[in-house]
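Remarks on the structure that follows.
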Amino acid sequence: MKKILIIFLIFTLFTPLLSQEPTGREIMSKVVLKTGWQDMEAEITMTITLRSRTRTRKIKMYSRKRTEAESDIVMKFLYPPDVAGTGFLLIEHEKREDERYLYLPALRRIRRIAASGKGGAFMGSDFSYYDIGKPKLNDWQYKNLGIKEIDGQQCYQVEATPISPQIEKDTGYSRIIHWVDPEKWNVIRAEYYDRRGKLWKILEAKEIQEISGVWFQTHLLMKNVQSEGQSEMKFEKIAINKGLPAHLFTQRFLSR
Amino acid sequence: MRDKKKQLLWLGIGWVLIWLSQPLPADDVQGYLKFFAHPGLTSPYKLNRFGTRLQLSLKKTHQLVDLFASFNFDLDERYSNYQDQATSNRATSFQIYPVEIYLSFHLASVDLRLGKQFIFWGRTDWINPTDNITPWDYTNITAEIEDYRLAVNAIKLNWYFGQSNLEMVFVPYFQPNRTGLDIPEAQTELPEQKPANWQEGLRFSSAISGMNFSFSYWRGFDLFPSVIPEREGLIIKYQPQQVLGVDFDYAWGRFVFKGEGAYYLTKDRQGIDPFSRNPFVYFVLGSDCTLSNPLSLNLQYVEKRVLKWHDGLMSPQERKITRSASARLAYKKEGYYSLQLISVYNFADGDYFLLPIFNYEVADGLNLYAGATFFAGPANSPFGRNKDLSRAFIEIKYSF
């Protein structure tokens, strides 16, 4: 009996180590906290389609990591001409509200916008402000749903649920299912569920490129299954770790 | 004659800029073509304005220097129905004028901008007690700010250090609001051009723990006129004033709290001249709120308190305390359409201002605007006095 108990204890203690199955959080940590880049710039072409009507937006984007959990993003609109010059600045904070500023050239003013508008559509697209920002690891609790195959590729399937009702309210998501490529640590597909638990949006990474040793999603397609609209984001002229200066991520630069 | 010369000069400058822009990439030259109609909303319901505008803007960046020039070419028919109806006041004109034209120098921690430019101070919505530099054109309030604000010739220097910014502004020539005030027997007297009448100010902005704030000082002239009886008759004058201001914004959840206040030190410091404004305090407190994804609301409380109040020595149009509220309700389906309703209501007189704006994006760069400017209330109230400026506007704009 004593022998059986010892064997049982050894088995219980060492099973997790032997299996080496990462937890959902470990997987998403690798995705979110990819340490390969400190800053990046790119030109984005965003195409928004709804009821056979297409809108195109061209954006210059700069992003940098301030700390492992905090980053800054600045975007300047290049096209169409009536929105050219519009700027958006997001300063993320780990322990307090993010700062969001919008510069509208028609108003010649920088306007502060509510941080919890993060569930709002980014420039009318199917991407929300939350989707385009760096996801905050601590906003979600994760569950590894195991290895699943998608388009012939073996992926980790991870379920993310909001850590609090406020996060659910702010983002508009009650659940996100991620398919993570275990080699490139990129999300290649994600399903977003609304607050009623219904499937809302499906994200597909149509293209992932290795740039300066970092795997990047360079072509994203977000399908809104409820409105039947879709938005595409294509990244071009990507540059990584160029040492972007801090002054790019300021209100001063936003209005220039 | 002088006006014609001035127009020819602007035409010349415009052509030089267009010529300069020839070897530039197309991206450096932008602008729009706009057709507009502004029917009056008060009897006799004339079409106040009907015309076409071509705006050409040139932006050229060379290392640390930006050149920006924006010119309007307006072919415009106007009928001022707020004037004496016995004398027809219809005018057809072709005007070329600069909207903004400036040079900007960007050094490590300093930005210097020289030329005709818009300078806005303050953080609250629509009503800004600290914003006394760029005048308004109350006769032409439409969907776009550059239609109803008038850029000023100025020197603006911004010095950035850490999270802070010190802005210094110098405006040598005074330019008043366009109010539509028309008293045929009155003479308008602008401040004399002399160094003592130059306008200048400072604004220090910074941020602490997510709260942005500013302190400002402005020495200039009241943008609104004062009508003063003198021996020769009525004189429309612009009185000197100094303004000490403060403003802030703070985001919390779905809200962005905003506040702005100013102390106005006027010429009549003791409050004994009934034709000059007394010193007063003017403040706005409010918040933006994201109601649901594309729907947002801004609500503000506005108060003006006249100081040094002496019964019997005050202008009949003045009140010791004026309380108002403003609201802006906006629904925006980005890339498709937006609806906005801006309103200001004065509690004492029950007068109000309404500005509904509808924008429909027909295609990338092609927009339709429709809306109206309503001034309403008792005849002697601040908005009621401007009833005749009420009008609708319909505009089609193609940006390139």
Per the filter on the range A:231-253, residues aromatic (Phe, Trp, Tyr), buried (at least 19 other Cβ atoms within 10 Å of the Cβ) and within 14 Å of another protein chain (Cβ to nearest Cβ) are A:Phe249
Of the residues A:Gly85, A:Gly120, which single one is touching a residue at least 12 places away in the same chain (Cβ under 8 Å) and either among the small types (Gly, Ala, Ser) or more than 7 Å from chain B (Cβ to nearest Cβ) (or both)?
A:Gly85
From the list A:Arg96, A:Arg100, exactly one residue is of a type in the set (Lys, Arg), modelled with pLDDT under 95 and part of a strand (DSSP E or B). Which is it?
A:Arg100
Identify, from the list A:Ala106, A:Ala69, the residue that is outside any strand (DSSP E or B), touching a residue at least 12 places away in the same chain (Cβ under 8 Å) and either out of contact with any Lys or Arg (no Cβ under 8 Å at 6 or more places or on another chain) or more than 11 Å from every other protein chain (Cβ to nearest Cβ) (or both).
A:Ala69
Going through B:Gly259, B:Gly245, B:Gly210 one at a time, which residue ends up being within 30 Å of A:Ile167 (Cβ to Cβ) and under 20 Å from the mean Cα position of the chain (by Cα)?
B:Gly259
As an exercise: evaluate B:Tyr345 against (1) closer than 30 Å to A:Tyr79 by Cα; (2) of a type outside the set (D, E, K, R); (3) open to solvent by 40 Å² or more (accessible area, probe 1.4 Å) and give the number of the one condition it does not meet.
(1)
Only one residue in A:Gly120, A:Gly172 is within 30 Å of B:Asp247 (Cβ to Cβ) and under 21 Å from the mean Cα position of the chain (by Cα). Which one?
A:Gly120
Is it the case that some residue within the range A:195-202 is aliphatic (A, V, I, L, M), assigned to a strand (DSSP E or B) and either more than 13 Å from every other protein chain (Cβ to nearest Cβ) or open to solvent by less than 60 Å² (accessible area, probe 1.4 Å) (or both)?
yes
Failed criterion for B:Gly271 (all others in (1) open to solvent by 10 Å² or more (accessible area, probe 1.4 Å); (2) within 17 Å of B:Gln317 (Cβ to Cβ); (3) not in a strand (DSSP E or B) hold):
(1)
Tell me whether the range B:367-381 contains one or more residues that are within 14 Å of another protein chain (Cβ to nearest Cβ), in contact with a Phe, Trp or Tyr (Cβ under 8 Å, 6 or more places away or on another chain) and surrounded by 17 or more Cβ atoms within 10 Å (Cβ to Cβ).
yes
Flagged in the range B:383-400 as open to solvent by 40 Å² or more (accessible area, probe 1.4 Å), in contact (Cβ under 8 Å) with a residue 60 or more places away in the chain and either outside any strand (DSSP E or B) or within 14 Å of another protein chain (Cβ to nearest Cβ) (or both), in numbering order, are B:Asn386, B:Lys387, B:Asp388, B:Ile396, B:Tyr398, B:Phe400
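Yes/no matrix, rows are residues, columns are (1) part of a helix (DSSP H, G or I); (2) at pLDDT 95 or above; (3) in contact with a His (Cβ under 9 Å, 6 or more places away or on another chain):
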residue: A:Lys118; (1), (2), (3): yes, no, no
residue: A:Tyr130; (1), (2), (3): yes, no, no
residue: A:Lys134; (1), (2), (3): no, no, no
residue: A:Asn138; (1), (2), (3): yes, no, no
residue: A:Gln157; (1), (2), (3): no, yes, yes
residue: A:Gln166; (1), (2), (3): yes, no, no
Please tell me if B:Tyr250 is of a type in the set (Ser, Thr, Tyr), surrounded by 15 or more Cβ atoms within 10 Å (Cβ to Cβ) and in contact with a Leu (Cβ under 8 Å, 6 or more places away or on another chain).
no
Of the residues B:Tyr217, B:Tyr263, B:Tyr238, only one is under 25 Å from B:Trp309 (Cβ atoms) and without any contact (Cβ under 8 Å) to a residue 24 or more places away in the chain; which?
B:Tyr263
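On the given criteria, is B:Leu355 under 22 Å from the mean Cα position of the chain (by Cα), hydrophobic (A, V, I, L, M, F, W, C) and under 27 Å from A:Pro80 (Cβ atoms)?
yes
So which residues in the range B:230-259 are more than 14 Å from chain A (Cβ to nearest Cβ) and in a loop (DSSP other than H, G, I, E, B), if there are any at all?
Going residue by residue through the range B:230-259, those that are more than 14 Å from chain A (Cβ to nearest Cβ) are B:230-246.
B:Arg231, B:Glu232, B:Tyr238, B:Gln239 - these are the residues of the range B:230-259 that are more than 14 Å from chain A (Cβ to nearest Cβ) and in a loop (DSSP other than H, G, I, E, B).
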Failed condition for A:Lys60, given (1) touching a residue at least 40 places away in the same chain (Cβ under 8 Å); (2) away from every other protein chain (no Cβ under 11 Å)
(1)
Look at A:Lys206 and say whether it is away from every other protein chain (no Cβ under 14 Å), at positive phi and either touching a helix residue (DSSP H, G or I) at 6+ places or on another chain (Cβ under 6 Å) or basic (Lys, Arg) (or both).
no
Given (1) at pLDDT below 95; (2) open to solvent by 10 Å² or more (accessible area, probe 1.4 Å), where does A:Arg55 come up short, assuming only one miss?
(2)
Looking at the range A:1-51, which of its residues are modelled with pLDDT of 75 or more, open to solvent by 80 Å² or more (accessible area, probe 1.4 Å) and part of a loop (DSSP other than H, G, I, E, B)?
A:Glu21, A:Gln38, A:Arg51
Checked against (1) open to solvent by less than 30 Å² (accessible area, probe 1.4 Å); (2) away from chain B (no Cβ under 12 Å); (3) of a type in the set (Gly, Ala, Ser), A:Ser128 satisfies every condition except (2)
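The values are calculated or read from the model by the stated rules, or taken from the named source; none is laboratory data. Keep in mind that what you see is a predicted model, and the values were worked out from it rather than measured. For neighbour counting, all protein chains shown are included, and Cβ atoms are generated from backbone atoms with ideal geometry for every residue, glycine included. When the accessible area is computed, the model is the full protein with side chains, heavy atoms only, and any ligands, DNA or RNA have been set aside. Shrake-Rupley method; radii C 1.70, N 1.55, O 1.52, S 1.80 Å.
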